[in-house]
Structure formats: structure tokens, C-alpha cells
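A short worksheet on the structure shown next.
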Amino acid sequence: MTDIWDGLAQAFWLLVQLDPTLIEISARSLTVTLTALVVASLIAMPLAAILAVRRFKFRRVIISVINSLMGLPPVVVGLFVYILLSRSGPLGGLGLLYTIDAMIIAQVVIITPLIISIAHQSMRDLWSEYHDLLISMNTTTTQRILTLLWDGRRALITAALAGFGRAIGEVGAIMIVGGNIENATRVLTTAIALETSKGDFALALALGFVLILLAVAVNFATHWVGRTEREGKW
Amino acid sequence: MFPVVMQDLTVVVRGKTLLGPLDLTLEAGGITVVMGPNGAGKTTFLKTCHGVMRHSRGSINWQVPVDQAAQAQSFVFQSPIMLRRSVLENLTYPLRLQGMAKHKAIELAETWAKRIGLAQHLTTPAPRLSGGEQQKLALARALITKPQCLFLDEPTASLDGSATKEIEALLQEAAANGTTLIMSTHNVGQAKRLGDHVLFLHQGKPILYAPASQVFDESNKGGQNELVQRFLQGDIIE
Ligand SMILES: Nc1ncnc2c1ncn2[C@@H]1O[C@H](COP(=O)(O)OP(=O)(O)OP(=O)(O)O)[C@@H](O)[C@H]1O
Ligand SMILES: [Mg+2]
């Protein structure tokens, strides 16, 4: 029990004095996750709108594929990305394994289906509301998609926040493809796993607090977006 | 782009004929009112003419290419569809679609907002307006592009007397400016006030298409359809 109290006290101390290791790992986590989030959003959001607006042949198939991709265990995603990037794999020549880039790729694969799925839901609702009007105004497909993306921006931000939450807390896949290398690919989750297994609860707990803080911030942001929606701001 | 010629125009949805067969030629100018009981096919008729609903058989021909015809039409829906944007942005939206410069669009939108009494609400999100305000905004948004043809589906159905009056004034002004109006209404008084032509639908079929002066002429009852006569007298017809 004293171990844990000691750990907590030290953890607070690390946080208060902005311990360099703690800062470095947190910053790396944010870099990886935010980059992955931007890439995933750029893929997912237009796709979500296209799936809502266009009626093409394999639309239903694509939607069910995306929904099942969403259920893929991250560890398995990590394994696939590892195989792709490993020396003998198809993309081995790029030398990306055990780099930040590999971790970003893994996170993109994990959260893109999630963001598409959530965003598509709201794009579809908005489209059923706008359908007659936008058809009546003789809009092009591009204009329809841009209108949906803009008028549904709050829902899209909510989808992105969900993606962020999923990515920042993910450990299995980035452990596999990043390797948890000190000063290179160590991020919040993988560091916590390592420090815990070493018995260094102080650093693990401090890192854990940062994660919790981020999760709470995401939650607040989601609520705030929802409130501006109801109040009709911006 | 007028006259628009409909031949054997028929709409079938899941085996049920909602409209037609209909042979009709609509001329340019004036206000055509479409009347008939609930479920008669008024909305279906308007949407099919406008092209937001597909017909299953027959044809509808504008005198210009389809795309050009579509560009010159507007539609005001039975329940107004508001973009989740401000009043001002709802008004500029169709103008921006047509490539008008932003400052010009805003200028025009502001004069229209003034005309419909929403000048104080430029930044209000349109979905938060009252039903009557939304209906007026929908009408202004439809008229702002100066359409050659305007379809209206019961534009005053849920409005009180003064709002109805305002809307009717806007419609008459649009007609005077050369827009051809085709509107459905339940309101016989409104049909009498506004109508130049009357199209009467019943169970998807056109029962009567005639100048309003004939239809509403008290002394001309003999020449009229009995169903229409009963409808005008306020009978309930199925
Ligand atoms: N998408 C659809 N699928 C099946 N039936 C439909 C569809 N749209 C309309 N109908 C049916 O077609 C008929 C005509 O509908 P329509 O909305 O055109 O009538 P309306 O004259 O506009 O009625 P109201 O006065 O109530 O607005 C109705 O019986 C309606 O139930
Ligand atoms: Mg109707």
C-alpha cells in the first residue's frame, strides 16, 4: 500500500515540476495521434459525405466493410501493418518499421473506419433533411458534399474527437510497429505498460494522469460542441 | 422555356399510381393553382414537374434543355427546408451556387430579408425561426434567383391571416414581374384571389384544367364537373 502512496506522491511531483521525460513522451503521443487524426479525418469525412450523397453499386458493401473494419482488434491491425512494413514486406523498402511514421499509419488504419462510421451517420441524417432542397437547387455532387460537410461540421468534430480518444489510448498496435523505443517511439500508453511492468509506479501514474486529463478534455470538448449545436451558435 | 408540355405523364410508386396519366400544356405567365383533397396528388404533381420526383411513364418537355430549365426553376416545399445556417446564409446560398460574388449576394440577401421582415434576424439560425418566418424565408430564398418558374406547395397552409397576406403579396409581385407560378392550395379563397388557371386533381387524375374565371363563375355551374362543384362548396370528397 505504501508503494502506491509513494508512487502517487512522486507522480504529482513529476507533474508539478514538468518532468522532461514526461513532457517528451506526452508531446510525442500528441504528435502521433494528432497527425493520425488529421490524415484519418481527411480520408474519412469526404468519404462519409460521398457515401451519404451518392447511390452507387457497391455502397452497401463498402459500408458493411467499414463497419467490420471498425471492429478489428488494434493488435491485429498492428500485426498487419508490421507485416507490411517489415524488411521483407511489400513496403519494407521504405524503412518505416519502428518509427513514428509506422505508428501514425497504424493509428490511421484503426481510427479511419471509426470516424467514417460516426460521420456517415450524421451525414446521412443531414442528407435526408436536405435532399429535396439541394436536388431542387440543381446542385452538383461536389456542392452537395461541401454543403453537408460544412453544415454538419459539429457532428464531424464529434466524430474526430471520438477518433482522437480511441487513438490516444491505443497501445497494442503502436507497441508492435513502434517498438516502444526510448527517445524515439515511446508514447504515453507504451510507457505506462513498460513502467508498470518494471514496478516504477511513479512515472506510470504520472503518465496515466496525463492520459486521463486528455480523455477528460476530449469529453468536455464533445459536450461543448453538442451545446453550441443545440444553441445554434456558429 | 414555356410552354411546358406533359404527355401521358404518370408516376407509379410500388405498383400504385400516384399521378396520371396526365396530358397538359402549361403556358407562360400567371398563377396556376392546383387544387384537390388530401392525397389527390398535388405534391406529387408539383415535384414531378419540377423534376425532384421521377415519372415512370410519359414525358414532360420544357422548350429549353433540361439543365437550363432546372436552373430557371425554384420550389417552395410544403414544410420549409431550412439549411442549418443563418437567415442571411440561407438567402445567399442559391446565389453563391450560381456564382454570384459574395458581397453582391449579401447585398441582395439583405434587401430580401428586409422585405420579408427578417432584417433583425440576419444572424439567427434559420431552423430557430417560427413556422411562418421559415415559410417566408423559404419563399424569399426561392425568389431571390429570379426564377422563370416557381413551384409552391401550399405555401400558406400553416400561417395566420397577416402572414398569408404578406406571402400572397409577394406571389402577386413575382407574377407581375414575369415569374410563372404553379402552386397548390387547400384554400378556395386563396385560389380565387390568386389563380389565373385552376388544375383540379382527384386520386391522381386531372379532373379539370380551366381559367379561374370560368371555374369560379357562379353562373357557369352547368359547365363544371360535379366533384369540383362540391369541393368548392366545401363538401368533403373522398
Ligand atoms: N413516396 C411515396 N410512396 C408511396 N406513396 C406515396 C409517396 N408519396 C406520396 N404517396 C401517396 O400518393 C398520394 C398522393 O400524395 P400527395 O402528397 O401528392 O398528395 P397531396 O395532394 O399533396 O396531399 P396533401 O393535400 O395532403 O398534401 C397519397 O395517397 C400518398 O399517400
Ligand atoms: Mg401535398
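Computed quantities for the displayed model
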| quantity | calculated |
| --- | --- |
| Prolate/oblate/rounded call for region B:143-190, Cα gyration tensor, a/c under 1.5 rounded | prolate |
| Selected from B:203, B:98, B:190 as most flexible by GNM, with chain B as the system and alpha-carbon contacts under 10 Å | B:98 |
| GNM top mover of B:183, B:82, B:100 - chain B, alpha-carbon springs below 10 Å | B:100 |
| Euclidean distance of C-alpha centroids, region B:117-139 and region A:158-174, integer Å | 40 |
| Surface share of carbon and sulfur [accessible, 1.4 angstrom probe, percent] for chain A | 69 |
| Sites residue A:212 and residue B:196 - FRET efficiency at Förster radius 56 Å, r taken between beta-carbons, to 0.05 | 0.20 |
| Over region B:1-94, relative contact order from alpha-carbon pairs under 8 Å, at least 6 apart, % | 32 |
| The protein assembly as shown: antiparallel DSSP beta bridges as a percent of all, rounded to 5 | 50 |
| Translational diffusion coefficient (Stokes-Einstein; Kirkwood radius from C-alpha pairs) of chain B at 4 °C, 1.567 mPa s, in µm²/s | 70 |
| Relative contact order, percent, chain B [alpha-carbon distance under 8 Å, six or more residues apart] | 27 |
| Lys/Arg +1, Asp/Glu -1 at C-beta; region A:154-234 dipole; positive extreme among A:225, A:213, A:202 | A:225 |
| Probe 1.4 Å, protein heavy atoms only - accessible area per residue of the protein assembly as shown in square angstrom | 48 |
| For a label point 7 Å along the Cα-to-beta-carbon line of residue B:172, residues of region B:178-202 with backbone N under 11 Å | B:193-195 |
| Residue-averaged beta-carbon neighbours from other chains (10 angstrom radius) around B:79-88 | 4 |
| Size of charge dipole - region A:71-172 - debye, nearest 20, with Cβ of Lys, Arg +1 and Asp, Glu -1, no other charges | 160 |
| Computed magnitude of the charge dipole of chain B (debye, nearest 20; Cβ of K, R +1, Cβ of D, E -1) | 800 |
| Extension reserve of the residue A:183-residue A:196 stretch, reckoned as 0.36 nm per residue once the Cα distance is removed | 2.9 nm |
| Dipole magnitude (debye, nearest 20) for chain A, charges at Cβ of Lys, Arg, Asp, Glu | 1120 |
| Global size of the protein assembly as shown as Cα Rg and Dmax, reported in angstrom | 30.7, 104 |
| Rg over Rh [alpha-carbon atoms, Kirkwood Rh] for region B:40-87 | 1.04 |
| Region A:171-234: trypsin sites (Lys or Arg not before Pro) falling in loop per DSSP and having at most 13 other Cβ within 10 Å | A:233 |
| Cut-off 12 Å between beta-carbons: net charge of the residues surrounding residue B:109, Lys and Arg +1, Asp and Glu -1 | +4 |
| Value of Rg to Rh for region A:63-197 (Rh from inverse mean 1/r over Cα pairs, i.e. Kirkwood) | 1.12 |
| Region A:188-234-region B:142-165 distance, computed between alpha-carbon centres (Å) | 52 |
| Accessible surface of chain B, 1.4 Å probe, proportion on carbon and sulfur as whole % | 48 |
| At q = 0.24 Å⁻¹, base-10 log of I(q)/I(0) for region B:148-238 (Debye sum, equal scatterers on each alpha carbon) | -1.35 |
| Chain B: most fluctuating residue of B:171, B:122, B:46 per GNM, C-alpha cutoff 10 Å | B:122 |
| Whether region B:42-133 is rounded, prolate or oblate, judged on the alpha carbon gyration tensor where a/c under 1.5 counts as rounded | oblate |
| Share of alpha-carbon pairs per 5 Å distance bin for chain A, given as whole % | 1, 7, 12, 15, 15, 14, 12, 10, 7, 4, 2, 1, 0, 0, 0 |
| Buried area at the A-B interface (accessible, heavy atoms, 1.4 Å probe, summed, Å²) | 1700 |
| Difference of contour (0.36 nm per residue) and Cα-Cα distance, residue B:226 to residue B:213 | 3.0 nm |
| Alpha-carbon centroid distance for the pair region A:100-122 / region B:55-75, whole angstrom | 43 |
| Region B:88-145: Cα Rg divided by the 2.2 N^0.38 Å rule of thumb | 1.01 |
| With all protein chains modelled, accessible area of residue B:93 [1.4 Å, Å²] | 20 |
| Over 23 Å (Cα to Cα) - which of B:136/B:192; B:114/B:146; B:47/B:146; B:16/B:47; A:57/B:16 fall in this group | A:57/B:16 |
| Gyration tensor (alpha-carbon) shape descriptor, region A:39-141, a/c threshold 1.5 | prolate |
| Added length on full extension, which subtracts the Cα-Cα distance from 0.36 nm per residue, residue A:2 to residue A:65 | 17.7 nm |
| Relative contact order, percent, chain A [alpha-carbon distance under 8 Å, six or more residues apart] | 32 |
| Which of B:22, B:112, B:129, positive extreme of dipole for region B:1-129 (C-beta unit charges) | B:129 |
| Inter-chain Cβ neighbour average for residues A:135-144, partner chain, 10 Å | 5 |
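The values are calculated or read from the model by the stated rules, or taken from the named source; none is laboratory data. As the structure is a computational prediction, the values presented were derived from the model and not from experiment. Please note: Cβ atoms are built from the backbone with ideal geometry, for glycine as well, and neighbour counts cover all protein chains shown. Accessible surface areas use protein heavy atoms only, side chains included; no ligands, DNA or RNA. Shrake-Rupley method; radii C 1.70, N 1.55, O 1.52, S 1.80 Å.
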